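Some notes on the structure that comes next.
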Amino acid sequence: MKKVITYGTFDLLHYGHINLLRRAKELGDYLVVVLSSDEFNWVEKHKKCYFTYEQRKQMLEAIRYVDLVVPEENWEQKNTDVEKYGISVFVMGDDWKGKFDFLKDKCEVVYLPRTPEISTTEIKKSLSGKGI
Ligand code: C2G
């Protein structure tokens, strides 16, 4: 079984996330999504999520491409995650291009083109602009 892994916040889940997850799953047979915890988001990424970790996890687990969702609690866990889950392919959107090449000695590293026109930040701006 070829296992794929990817990481993210996945807040206000949108079709850009789904496009990424679909293409990541196409690279193997089993997809592990390592989902940023609320604390990691706030302390390390300065992101205040709209949905909690449990709510974001529930939504990801409902996606047909996703086989397992586990917490991301620090930047350093990727090396151990790749070994722990027997990963063959590490996938991220290309906004991260080059940032995780240190994993190449353990697994294939693939950066996929982002879906350009959508982002959680844009969704928030658009909704607040409309007073919604
Ligand atoms: N993404 C995408 N297209 C978009 C928006 C996001 O392809 N329009 C991808 C990102 O490139 C990333 C994944 O979807 O691979 C999740 O995006 P975020 O939730 O914004 O994750 P991020 O904050 O980049 O966290 O340790 C890595 C971090 O946890 C990544």
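Which one is nearest to the chain's Cα centre (by Cα), of the residues in the stretch 117-132 that are within 9 Å of the ligand (Cβ to nearest atom) and not small (Gly, Ala, Ser)?
120
With respect to residue 100, is the statement that it is of a type in the set (A, V, I, L, M, F, W, C) and over 13 Å from the mean Cα position of the chain (by Cα) true?
yes
Does residue 12 satisfy being on the phi > 0 side of the Ramachandran plot, within 12 Å of the ligand (Cβ to nearest atom) and surrounded by 15 or more Cβ atoms within 10 Å (Cβ to Cβ)?
So residue 12 fits the description; yes.
Return the residues of the stretch 54-87 that are within 11 Å of residue 5 (Cβ to Cβ), within 12 Å of the ligand (Cβ to nearest atom) and touching a helix residue (DSSP H, G or I) at 6+ places or on another chain (Cβ under 7 Å); say none if nothing qualifies.
72, 78 - these are the residues of the stretch 54-87 that are within 11 Å of residue 5 (Cβ to Cβ), within 12 Å of the ligand (Cβ to nearest atom) and touching a helix residue (DSSP H, G or I) at 6+ places or on another chain (Cβ under 7 Å).
Kindly indicate whether residue 20 is among the hydrophobic types (A, V, I, L, M, F, W, C), modelled with pLDDT of 95 or more and assigned to a loop (DSSP other than H, G, I, E, B). Break it down into steps so the answer makes sense when it comes.
Numbers: among the hydrophobic types (A, V, I, L, M, F, W, C): yes; modelled with pLDDT of 95 or more: yes; assigned to a loop (DSSP other than H, G, I, E, B): no.
The answer is no for residue 20.
Name, by its number, the condition in (1) closer than 25 Å to residue 79 by Cβ; (2) surrounded by 11 or more Cβ atoms within 10 Å (Cβ to Cβ) that does not hold for residue 98.
Looking at each condition in turn, residue 98 falls short on (2).
Select, from 100, 51, 90, the only residue that is more than 10 Å from the ligand (Cβ to nearest atom), within 19 Å of residue 20 (Cα to Cα) and modelled with pLDDT of 95 or more. Explain how you work it out, then say what you get.
Working: 100 fails: more than 10 Å from the ligand (Cβ to nearest atom); 51 fails: within 19 Å of residue 20 (Cα to Cα).
Every option except 90 fails the conditions.
Checking residue 2 against (1) more than 17 Å from residue 118 (Cβ to Cβ); (2) at pLDDT 95 or above; (3) within 12 Å of the ligand (Cβ to nearest atom), which single condition isn't satisfied?
It is condition (3) that residue 2 fails.
From the set of residues in the stretch 104-116 that are within 14 Å of the ligand (Cβ to nearest atom) and either touching a residue at least 24 places away in the same chain (Cβ under 8 Å) or surrounded by 11 or more Cβ atoms within 10 Å (Cβ to Cβ) (or both), which is nearest to residue 82 (Cα to Cα)? Break it down stepwise before answering.
Quick first cut of the stretch 104-116, residues within 14 Å of the ligand (Cβ to nearest atom) only: 109-116.
Filter once more, keeping what is either touching a residue at least 24 places away in the same chain (Cβ under 8 Å) or surrounded by 11 or more Cβ atoms within 10 Å (Cβ to Cβ) (or both): 109-115.
Details: 109: 11, 110: 14, 111: 16, 112: 18, 113: 22, 114: 23, 115: 25 Å.
Going through the qualifying residues, I end up with 109.
For the stretch 47-91, give me each residue that is touching a residue at least 40 places away in the same chain (Cβ under 8 Å), touching a strand residue (DSSP E or B) at 6+ places or on another chain (Cβ under 7 Å) and either basic (Lys, Arg) or within 22 Å of residue 124 (Cβ to Cβ) (or both).
Within the stretch 47-91, 56, 60, 72 qualify.
The values are calculated or read from the model by the stated rules, or taken from the named source; none is laboratory data. Just so it is clear, the model here is predicted, and its values are computed rather than measured. Don't worry about glycine lacking a Cβ; one is built from the backbone with ideal geometry, like all the others, and counts go over all protein chains shown.
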